[in-house]
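Shown next, in C-alpha cells, is the structure this report addresses.
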Amino acid sequence: MPAKTGGSLRDVQELAGHRALTTTERYIERNRDAQRRLIRLI
C-alpha cells in the first residue's frame, strides 16, 4: 500500500527484491481512490 503510506513503487520493488519494475507491478492492485488522493497531493 505505498500510495497510502507515501512510498513509491520503486521502494516496493527494492524491498521485494525484484530486478524489474514490471515484476513488482504484477502484485500491485490498482486503487482509484488512492490514485485520486495522490493527484490531490500534487
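Quick note: the coordinates plus some simple rules give every number you see, no bench work behind them. What you are looking at is a predicted structure, and each value in this text was computed from that prediction instead of being measured.
Points worth noting:
- For the chain, radius of gyration divided by Kirkwood radius, i.e. Rg to Rh on alpha-carbons: 0.99
- The 3J(HN,Hα) values that the Karplus relation (6.51, -1.76, 1.60; θ = phi - 60°) gives for region 15-21 are, in residue order, 5, 7, x, 7, 7, 10, 4 Hz. Gly and Pro appear as x.
- Calculated mean residue ellipticity at 222 nm for the chain: -15500 deg cm²/dmol, from DSSP H runs with n ≥ 4 weighted as -39500 (n - 2.57), summed, divided by the residue count and rounded to 500.
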